[in-house]
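Q: Sending over a structure as structure tokens; questions will come in a sec.
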Amino acid sequence: MRKKPFIVGNWKMNLTLAEGVEFAKSLRKSLQNKNEIISGICPPFTFLKDISRVLEGSSICVGAQNIHSEKNGAYTGEISALMVKDTGCTHVLLGHSERRHLFGEIDSFINAKMKTALSIDLKPIFCIGETLNEREEGKTKYVVKNQLKNGLLGIARNHVEELVIAYEPVWAIGTGKTASPEQANEVHSFIRGFLTDEYGKDVANSVYIQYGGSVKPENTKELIAQPEIDGLLVGGASIKLESFLKIIDAASIQ
Ligand code: PGA
């Protein structure tokens, strides 16, 4: 049986607190009777508490965009897993390509963050994906496999089962270039195969695999129609309520 599509908006470093709160209120109203999908938003840290409050008791998940791997300590400017959990968050984006490429985050650091998040029941949305060069050199599967292997190192089956994995080809993020539905499905299928080999079919099937990279209302239907695409991670098109709702609508009609 197909899972309910899981559609998450990654606001990145956008909007004001007031705009974010208004957005959350309207989103809650608009999705009141929508039971055929699961949705979520990942606002900036400083909005998390207010937005979690607005969405409390609804089916809309709230996620942070990052955490540090340590639970506390002398890490000026960082935010811990416990701190974001305390705001009411249930999810956290980890390994996003902007963190990897703009801030130099490496697999072992991401793996440590994954373990910390899971240890306090904060669910990672674990992002992976190849660069344009890597795709052109035919290394997509090699890169994705390594990110999976290293990111999931030492994580128990029962935790892997709860994961959301977001396949986001770096060349498609914020560029307007979307992977074709077939290209995305092929990598999703490869990811599912990796999970099946490592953790068995049941675990592999329960993991949500989202696609991300220039998702917009116009390409949602064909992406979500792919058998291995369980959901979408939406950046640019998630910061306007109207386009995010259009994406949610398009993902609901299958
Ligand atoms: P985009 O971003 O939809 O703007 O390409 C996706 C992401 O970074 O998660």
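Q: Provide the per-residue ³J(HN,Hα) series for the range 49-57, in order, calculated from phi with Karplus coefficients 6.51, -1.76, 1.60 and θ = phi - 60°, each as a whole number of Hz, with x at glycine and proline positions.
A: Going residue by residue, I get 5, 5, 6, 4, 5, 4, 9, 4, x Hz, with x marking Gly and Pro.
Q: Considering amide H positions built from the backbone, and no H for Pro or chain starts, which residues 5 or more places from Lys123, or on another chain, come under 5 Å of its amide H?
A: His91, Val92
Q: Heavy atoms only, probe 1.4 angstrom, no DNA, RNA or ligands counted: give me Leu233, Leu132 ranked by accessible area, highest first.
A: In descending accessible area the options line up as Leu132, Leu233.
Q: Using modelled amide H (1.01 Å from N, peptide plane; none on Pro or chain starts), what sits under 5 Å from the amide H of Ile7, excluding residues fewer than 5 places away?
A: Amide H to amide H, under 5 Å and 5 or more residues apart or across chains, Ile7 pairs with Ile38, Ser39, Gly40, Leu232.
Q: While we're here: Per residue of the chain, what 222 nm ellipticity follows from adding -39500 (n - 2.57) for every DSSP H run with n ≥ 4, rounded to the nearest 500?
A: When only DSSP H runs of four or more count, the value is -13000 deg cm²/dmol.
Q: Still on this structure, I have one more. Starting from the amide H of Asn66, placed 1.01 Å from N in the peptide plane, find each other amide H under 5 Å away whose residue is 5 or more places distant or on another chain.
A: Under 5 Å from the amide H of Asn66: Leu93.
Q: For the range 83-143 and the range 191-229, what is the separation of their Cα centres, given in Å?
A: 16 Å
Q: May I have the extent of the alpha carbons of the chain along their three principal axes, as whole Å values ordered from largest to smallest?
A: 47, 45, 34
Q: List the lysines whose alpha-carbon lies under 27 Å from that of Lys246, not counting same-chain residues fewer than 8 positions away?
A: Filter leaves Lys3, Lys4, Lys12, Lys25, Lys29, Lys34, Lys49, Lys123, Lys177, Lys216, Lys221.
Q: In whole Hz, what ³J(HN,Hα) sequence does the range 117-125 give by Karplus (6.51, -1.76, 1.60; θ = phi - 60°), x for Gly and Pro?
A: 4, 5, 5, 10, 6, 9, 8, x, 9
Q: Counting other Cβ atoms within 10 Å, keep those with at most 10, restrict to DSSP loop, and tell me which trypsin sites (Lys or Arg not before Pro) in the range 1-64 are left.
A: Arg2
Q: Given that compact globular proteins tend to follow 2.2 N^0.38 Å, what is the ratio of the alpha-carbon Rg of the range 125-225 to that value?
A: 1.05
Q: For the range 172-181, just list the computed ³J(HN,Hα) in residue order, Karplus coefficients 6.51, -1.76 and 1.60, θ = phi - 60°, integers in Hz, with x standing in for Gly and Pro.
A: Using θ = phi - 60°, the values come out as 9, 7, x, 9, x, 8, 9, 5, 5, x Hz.
Q: Given a 1.4 angstrom probe, I'd like the percentage of the accessible area of the chain that is carbon and sulfur, rounded to a whole number.
A: Carbon with sulfur: 52 percent of the solvent-accessible area.
Q: Averaged per residue, what accessible surface does the chain expose to a 1.4 Å probe, in Å²?
A: So the chain comes to 46 Å² accessible per residue, rounded to a whole number.
Q: Within the range 92-199, which GluC sites (Glu not before Pro) sit in a loop by DSSP and count at most 13 neighbouring Cβ atoms inside 10 Å?
A: Loop-located and lightly packed - Glu137.
The values are calculated or read from the model by the stated rules, or taken from the named source; none is laboratory data. Just so we're clear, the structure is a prediction, and the values are computed from it rather than from any experiment. All Cβ positions, glycine included, derive from the backbone under ideal geometry; neighbour counts span all protein chains shown. Side chains included, ligands, DNA and RNA excluded: accessible areas come from the protein's heavy atoms. Shrake-Rupley method; radii C 1.70, N 1.55, O 1.52, S 1.80 Å.
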